[in-house]
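Readers should treat all values here as calculations from the given coordinates under stated rules, not as data from a laboratory. The model shown is predicted, which means the values in this text are computed figures rather than measured ones. Positions of Cβ are generated from backbone atoms using ideal geometry, with glycine treated the same way; all protein chains shown enter the neighbour counts.
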Amino acid sequence: MAIKITDECINCGACEPECPNNAIYEGGVEWAISDGTSVNGAFTLMNGNVVDAHFKNEPLAVDTYYITPDKCTECQGFHEEPQCASVCPVDCCVPDEMYQETVDQLMEKKDKLHV
């Protein structure tokens, strides 16, 4: 399951540089699959939409940092635990119950992001 950032976020930014998939963005900032990944060309998002990897998607949050589930792999294949949660001073990086994924699915996502 992906990680999400709750409303308790204090906007310290500690989490953003820790993400190996560049899935964390400051509130109000548009995101793209290609940011921090090796993806080029067409990419299928979790909702089934196909977008160009460089397409700038709308921010998922405006007031706080956010994690895009399309790029979050819970650090599988990189670290023992999600790095955003390990560095968050207010423990607001928590599992996102809307995105139930197995370790195998998370590793498959990681492999798609880092060809």
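Descriptive notes on the structure:
- Selection status of residue 99, in contact with a strand residue (DSSP E or B) (Cβ under 7 Å, 6 or more places away or on another chain), surrounded by 14 or more Cβ atoms within 10 Å (Cβ to Cβ) and of a type in the set (Ser, Thr, Tyr): no
- Applying a threshold of 6 Å to beta carbon distances and a minimum spacing of six or more residues, or different chains, the list of pairs starting in the range 22-41 at a residue that is under 28 Å from residue 10 (Cβ atoms) and ending at one that is of a type in the set (Asp, Glu) reads 22/35; 24/16; 27/63.
- Residues of the range 29-88 classified as among the hydrophobic types (A, V, I, L, M, F, W, C) and part of a loop (DSSP other than H, G, I, E, B), total: 15
- Residue check, residue 113 free of Cβ contacts under 8 Å to residues at least 40 places away in the same chain and buried (at least 18 other Cβ atoms within 10 Å of the Cβ): no
- Those residues of the range 63-96 which are surrounded by fewer than 18 Cβ atoms within 10 Å (Cβ to Cβ), touching a residue at least 60 places away in the same chain (Cβ under 8 Å) and of a type in the set (Gly, Ala, Ser), in sequence order: 86
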